Amino acid sequence: MAKIPVSMVVNGERVGPVQVDEYTTLLDFLQEYLNLTGTKLGCGIGVCRACTILVEGNDGALEPVRSCINNVGRFNGSSVTTVEGQAQRNSNGEVLALSPVQQAFLRNFSFQCGWCTAGFVNAATALIDDLRRRPVSAGKVEQVIEEALGEHICRCTGYVRYFRAVREVIESTPGLVKEAD
Amino acid sequence: MGRIILLLLSVLSAGFSGAQTPIETGRYLATAADCVACHTSSNGRPFVGGRPFHTPFGILYSTNITPDKKTGIGHYTLQDFAASMRRGVGLHGNLYPAMPYTSYYRITDDDIAALYAYFMQLPAVEYVAPKNDLLFPANLRFGLKAWNLAFFDRQPVSEIAGKSPEWQRGNYLVNALGHCGECHTPRNFAFALKRDESLAGNVLEGWDAVDIRPQALQRQGWDRASLRELFRSGASEPGAAFGEMFRVVKHSLSHLSDSDLDAMITYLLDGNETAAEASGDVGGNPGSAADNYPEGRGDFVAYCAACHGREGTGTTIAFAPAMDRNAGVRGENPYNTIAVILRGLPAQRMSRTNARAGMPGFASELSDARVAGLVNFMRTAWGDPGGEVTEDQVAKIREDLRKHGFIGEKK
Ligand code: FES
Ligand code: FES
């Protein structure tokens, strides 16, 4: 089985180059090589979005990407953020503060079994990042949440509490909502 | 009474068992003609119209064909109905040829009458579609008269000698009711069908409505069994229907009788019943593909293989079809292979137990050169290359898709 050298930045840290079987999915790479098990495998066919991680684009924008359907080669040289990279940590890796999205999810009891949560946290974080660049009017908030999270499947919560949590973050963070269109 | 007997005769000749009322016949014919696909807006009520059509001349909206007296076709007599179906003449002037009267003119009198009977008993719904938004001079309806004179070639469907009754029935279903040519036949500068290139393939809404002439289908690897499965379920071994064709299968083909589907296939294959590889033409060469297109192979492994399989064997048809001998990869025109890589595919639901996952597009990540390499790798490995795809070709398709809003701006 052919191996390829893989290097990327994961949660701000340089990884690699390591020799990895070229058919390894990014999800398996995160779990098996980096021991980052927060990213979950749900359907494995790109439908549920549980495995969503963030990839930084050239312009610094965060793009949610499903880690189960592409192999490591796609991410060679990229900068990737997983759920483990959301909280602020000190130099020993201890959590100092959860991100606003994580806090809102806890406050709203947004998740139950938690299998889908990492995907929701990452996609919601990408949405906040996008709104920071391109704010929307108050009337559009529900629509953009639906567009950003509508494809994510959760088998426990009924989605209302996710929805509420994300709206809370958007409405309480200055600069994400415009006065008028 | 006379009409009823005639209708019953036509029903029997269509291969049904048991008698049907004209309304039932009409419902079946409306399904075969796929009226609902165009005359329904997304999430709208069936047949009330309002679906937008983006043409090179502007936006057209389909009309209300429920029997509402004010906003629908409630005032239409059978003759009025026939005139609109066959000649594109509505009560309020000529219809735009988005209405496939250029195909429907071939529908028989009996079938027109049955369709009329069916539509007139539908619940009447009051609804007016948005106003057409057309560019000058296409916005002038009287121009349509001239268009009809110049481009509407009204040759009756003559029975072609030496063909079986099943073939003739297939011809009728494909070219009259099914109006397949409205998408699959290339159009000229005035948007009229090029009759001499009937069913030769045509790019529409950012997809190639592929060449479905017998030899092309054979080259793409279709045979009777795989076409039958495609028409029934939306997907089969050589590939899946997507875009408008998915809707055609969902609303029309999958509801047709076995004998009608078989008749259409008889007409489409026209004796070329054996798929190309079975007739000795080998489907590709993975070894030489990897040697000639190492970057293309690398991108296949990185972007495609997790779902479409290490050797291009796919996972399941519902999730990721095989690329090895895929009809799109094998077809002469690489348009769809390129377009799918750039724009991806939406998830599709045929029924509660038959749905397909979508595919992400990679337009913002893969350059024209990389897409060309990837397509060349796949076509060499599993297709039937017939000419290399160039970077320029990809660039042109990308530009076309971008211009029409099917993909975002280049990053
Ligand atoms: S596990 Fe990746 S989308 Fe479901
Ligand atoms: S919390 Fe269980 S799947 Fe979402």
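FYI, it's all coordinate maths here, none of it is from the lab. The model shown is predicted, which means the values in this text are computed figures rather than measured ones. Cβ sites come from the backbone with ideal geometry, for glycine too, and all protein chains shown count toward neighbours.
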Worksheet entry | Size of the stretch B:284-403 as Cα extents on the principal axes (Å, biggest first) | 43, 36, 25
Worksheet entry | Cα gyration tensor, the stretch B:24-75 - rounded (a/c under 1.5), prolate or oblate | oblate
Worksheet item: What nm distance separates the two modelled labels at A:V160 and B:S288, each placed 7 Å from Cα along Cα→Cβ?
Response: 6.4 nm
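If eta is 1.567 mPa s and T is 4 °C, what Stokes-Einstein diffusion coefficient results for the protein assembly as shown, Kirkwood Rh from Cα pairs, in µm²/s?
48 µm²/s
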Worksheet item: Distance in nm between label sites at B:A225 and B:A161, each 7 Å beyond Cα in the beta-carbon direction?
Response: 3.7 nm
Practice prompt. Let me know the charge dipole size of chain A about its Cα centre in debye, to the nearest 20, where only the beta-carbon of Lys, Arg (+1) and Asp, Glu (-1) is charged.
Written response: 280 debye
Item to complete: Beyond 28 Å between alpha-carbons counts as too far, so tell me which of B:K70/B:K403; B:K69/B:K131; B:K163/B:K194; A:K3/A:K40; B:K194/B:K396 fall in that bin.
Response: B:K70/B:K403
Discussion item. Once R0 is set to 22 Å, what does the formula 1/(1 + (r/R0)^6) return for the Cβ-Cβ distance between A:V9 and A:Q103, expressed as a FRET efficiency to the nearest 0.05?
Written reply: 0.30
Item to complete: Pull out the extension gain between B:A369 and B:N333, defined as 0.36 nm times the separation in residues minus the alpha carbon to alpha carbon distance; nm, one decimal.
Response: 11.2 nm
Worksheet item: Looking at the stretch A:1-71, which chymotrypsin sites (Phe, Trp or Tyr not before Pro) are in a loop (DSSP not H, G, I, E or B) and have at most 10 other Cβ atoms within 10 Å?
Response: none
Worksheet item: What average number of partner chain Cβ atoms lie no more than 10 Å from the Cβ of the residues making up A:46-58?
Response: 2
Fill in: Coil-residue chymotrypsin sites (Phe, Trp or Tyr not before Pro) of the stretch A:102-131, DSSP, other Cβ within 10 Å capped at 16
A:F109
Worksheet entry | Cβ charges +1 (Lys, Arg) and -1 (Asp, Glu), total dipole of the stretch A:90-178, debye | 160 debye
Worksheet item: When you take every Cα atom in the stretch A:3-85, what is the radius of gyration, and what is Dmax, the widest Cα pair distance, in Å?
Response: 11.6, 31
Worksheet item: Got a sec? Charge dipole of the protein assembly as shown, +1 on Cβ for Lys and Arg, -1 for Asp and Glu; which of B:C183, B:P52, B:Y76 is way out at the positive end?
Response: B:Y76
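Give me the dipole magnitude in Debye, nearest 20, for the protein assembly as shown about the Cα centre, with unit charges on the beta carbon: positive for Lys and Arg, negative for Asp and Glu.
Details: 58 positive and 64 negative charges, 307 e Å.
Dipole about the Cα centre, nearest 20: 1480 debye.
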Practice prompt. Just add up the charged neighbours of B:Y127: K/R +1, D/E -1, any other residue whose Cβ is under 11 Å from the Cβ of B:Y127.
Written response: 0
Worksheet item: For the stretch B:338-382 and the stretch A:1-80, what is the separation of their C-alpha centers, rounded to whole Å?
Response: 20 Å
Worksheet item: Just the Cα atoms of chain B: what Rg and Dmax do they give in Å?
Response: 22.3, 72
Worksheet item: Kirkwood Rh over Cα pairs of the stretch B:171-330 into Stokes-Einstein at 25 °C, 0.890 mPa s: D in µm²/s?
Response: 145 µm²/s
Worksheet item: Rounded, prolate or oblate: which fits the stretch A:44-181 when a ≥ b ≥ c are the square roots of the eigenvalues of the alpha-carbon gyration tensor, with rounded for a/c under 1.5 and prolate only if a/b beats b/c?
Response: rounded
Worksheet item: Under the rule of -39500 (n - 2.57) per DSSP H run of 4 or more residues, summed and divided by the residues of chain B, what mean residue ellipticity at 222 nm is obtained, to the nearest 500 deg cm²/dmol?
Response: -11500 deg cm²/dmol
Worksheet item: Under 19 Å from the Cα of A:K140, which aspartates and glutamates turn up, not counting those fewer than eight places away in the same chain?
Response: A:D129, A:D130, A:E151, A:E168, A:E171, A:E179, A:D181
Worksheet item: Zone of B:K69 (label point 7 Å along Cα→Cβ, backbone N under 11 Å): which residues in the stretch B:109-123?
Response: none
Discussion item. Averaged across B:291-302, how many Cβ atoms of other chains sit within 10 Å of each residue's Cβ atom?
Written reply: 3
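Would you mind putting B:329-337, B:311-319 in packing order, based on average other-beta-carbon counts within 10 Å, highest first?
Averaged packing, sorted descending, gives the order B:329-337, B:311-319.
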Item to complete: Name all residues of the stretch B:357-371 having a backbone nitrogen under 17 Å from the label point set 7 Å from the Cα of B:T390 along its Cα→Cβ direction, giving them as ranges.
Response: B:368-371
Fill in: Cα→Cβ-extended label distance, 7 Å offset, between B:H92 and A:A2, nm
6.2 nm
Practice prompt. Indicate the gyration tensor shape class of the stretch A:119-181 (rounded, prolate or oblate), computed on the Cα atoms with a ≥ b ≥ c the square roots of the eigenvalues: a/c under 1.5 is rounded; otherwise a/b larger than b/c is prolate and the rest oblate.
Written response: prolate
Discussion item. Based on the alpha-carbon set only, what is the convex hull volume of the stretch B:206-296 divided per residue, in Å³?
Written reply: 115 Å³
Item to complete: Mind checking B:305-311 for the average number of partner chain beta-carbons within 10 Å of each residue's beta-carbon?
Response: 5
